[in-house]
Amino acid sequence: MGVRFALVVACFAVASPGFSQDRIQVVTTTTDLRSLAEAVGGERVKATSLVPGNMDAEEYQPKPQDVLRLKNARMLVRVGLDYDLWADRLLAQADNREVGRGGAGYVDASFAIAVLELRGMSVGPGDGHAHGSGNPHYWLDPHNAGIVTGTILEGLARIDPANAATYEANRLAFLVRLRAKLTEWTATLAPLKAAPIVAYHNSWPYFARRFRLDLVGFIEIKPGVPPSPSHLAGIIQAMRARDVRIVVREPREPERDVAFVTNKTGASSVTLAASVGALPQAGDYLSLFDANVEALRSAAAVR
């Protein structure tokens, strides 16, 4: 009887659209986009991110299994703005027209984002990976999640129109939670309004603009280029002149140079997560900001 029941359940699982194997396979380049895709798709999607949250997506080296993931996917969601250019090579290898450029399942999440730091595309020798198409860290402004989830909703509606109303309801429910959180985060960071801050990497302009922080410098000379002694001396001088009390670093970034400038200036080092999963407490998109806002609040409290 038990064996027959198990066989019936197994057959029903194959036939029933409600079982997990029938969920839409969504591949995202980053954990942040995976979290937002899950917020919109809910139980109808199974989202997988290619880049782990504790890795630099700009420097990611794709793996053979990534090609298979794209070959089996029905939707790809990417950051765009030259942040995940390596995905183009994967798309060519996967040869899945549905998720390739122009396909119904291709989603560039940067669409309709008001991009910061647009500049020329040329990169000279030793300049590192300058963001010629604009700063790509737009997900670190939580307001932009409304735009990104709208773009994801459009993509899901194209490939699964029968469930478009469900996806729209999921997105609206997420936005209600997001707006409440945004009010909370803004109030918590209000005492830091216009506070001068130095960061190791240029990940934070969108976050700083949203919460009215003042980014006065970066420890890297340019993205991907470690600081020289003269550059560190200039950062220390600027920090003393502006009374910078907080230096921001990501968990994967080197501590040595941050420790050097904080020791010289008496500033505090604060570790923030630039992506979901970069810190244990940043398990999804909303908790990413919960963790970062609390870290900054704690740092401000000991100033």
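Would you call ASP66 surrounded by fewer than 22 Cβ atoms within 10 Å (Cβ to Cβ), closer than 25 Å to ALA274 by Cβ and of a type in the set (Asp, Glu)? Taking the combined requirement at face value, the residue does not satisfy it. Residue under question is ARG256, and the condition is that it be open to solvent by 50 Å² or more (accessible area, probe 1.4 Å), more than 18 Å from LEU272 (Cα to Cα), out of contact with any strand residue (DSSP E or B) (no Cβ under 8 Å at 6 or more places or on another chain) and outside any loop (DSSP other than H, G, I, E, B); does it hold? No: the conditions fail for ARG256. Determine whether the stretch 248-260 contains at least one residue that is farther than 20 Å from TYR138 by Cα and in contact with a helix residue (DSSP H, G or I) (Cβ under 6 Å, 6 or more places away or on another chain). Checked the stretch 248-260: no residue is farther than 20 Å from TYR138 by Cα and in contact with a helix residue (DSSP H, G or I) (Cβ under 6 Å, 6 or more places away or on another chain). Looking at GLY234, GLY266, GLY277, just one residue is of a type outside the set (D, E, K, R), over 17 Å from LEU189 (Cβ atoms) and in contact (Cβ under 8 Å) with a residue 60 or more places away in the chain, and that residue is GLY277.
Taken together, VAL244, VAL261, VAL276 contain a single residue that is within 28 Å of LEU50 (Cβ to Cβ) and of a type in the set (Val, Ile, Thr), which is VAL276.
Could you list, in sequence order, all residues of the stretch 85-109 that are open to solvent by 10 Å² or more (accessible area, probe 1.4 Å), free of Cβ contacts under 8 Å to residues at least 40 places away in the same chain and not polar (S, T, N, Q)? Within the stretch 85-109, LEU85, TRP86, ASP88, ARG89, LEU91, ALA92, ASP95, ARG97, GLY100, ARG101, GLY102, GLY103 meet the criteria. Applying a threshold of 7 Å to beta carbon distances and a minimum spacing of six or more residues, or different chains, the list of pairs starting in the stretch 188-217 at a residue that is touching a residue at least 60 places away in the same chain (Cβ under 8 Å) and ending at one that is open to solvent by 50 Å² or more (accessible area, probe 1.4 Å) and part of a loop (DSSP other than H, G, I, E, B) reads PRO205/GLU117; ARG210/HIS143. The set of residues in the stretch 85-106 that are touching a Leu at 6+ places or on another chain (Cβ under 8 Å) and in a loop (DSSP other than H, G, I, E, B) comprises ASN96, VAL99, GLY100, ARG101, GLY105. For the stretch 151-163, state whether one or more residues are in contact with a Leu (Cβ under 7 Å, 6 or more places away or on another chain), buried (at least 16 other Cβ atoms within 10 Å of the Cβ) and part of a helix (DSSP H, G or I). Yes, the stretch 151-163 has at least one match. Looking at the stretch 136-156, is at least one residue of a type in the set (A, V, I, L, M, F, W, C), in contact with a Pro (Cβ under 9 Å, 6 or more places away or on another chain) and at pLDDT 95 or above? Yes, the stretch 136-156 contains at least one residue that is of a type in the set (A, V, I, L, M, F, W, C), in contact with a Pro (Cβ under 9 Å, 6 or more places away or on another chain) and at pLDDT 95 or above. From the list PRO226, PRO251, the lone residue that is within 20 Å of the chain's Cα centre (by Cα) and surrounded by fewer than 19 Cβ atoms within 10 Å (Cβ to Cβ) is PRO251. Scanning the stretch 237-253 for residues that are out of contact with any strand residue (DSSP E or B) (no Cβ under 9 Å at 6 or more places or on another chain), over 23 Å from ALA291 (Cα atoms) and in contact (Cβ under 8 Å) with a residue 24 or more places away in the chain turns up just one, ARG240.
Can you name the residue in the stretch 69-84 that is under 19 Å from GLY41 (Cβ atoms) and assigned to a helix (DSSP H, G or I) and is also least open to solvent (accessible area, probe 1.4 Å) among such residues? Ranking the candidates gives LEU70 first.
The values are calculated or read from the model by the stated rules, or taken from the named source; none is laboratory data. This structure is a prediction, so every number in the text was calculated from the model and none was measured. Note: ideal-geometry Cβ built from the backbone for every residue, glycine included; neighbour counts use all protein chains shown. Ligands, DNA and RNA are stripped out before the accessible areas are found, and what is left, the full protein with its side chains, is counted by its heavy atoms. Shrake-Rupley method; radii C 1.70, N 1.55, O 1.52, S 1.80 Å.
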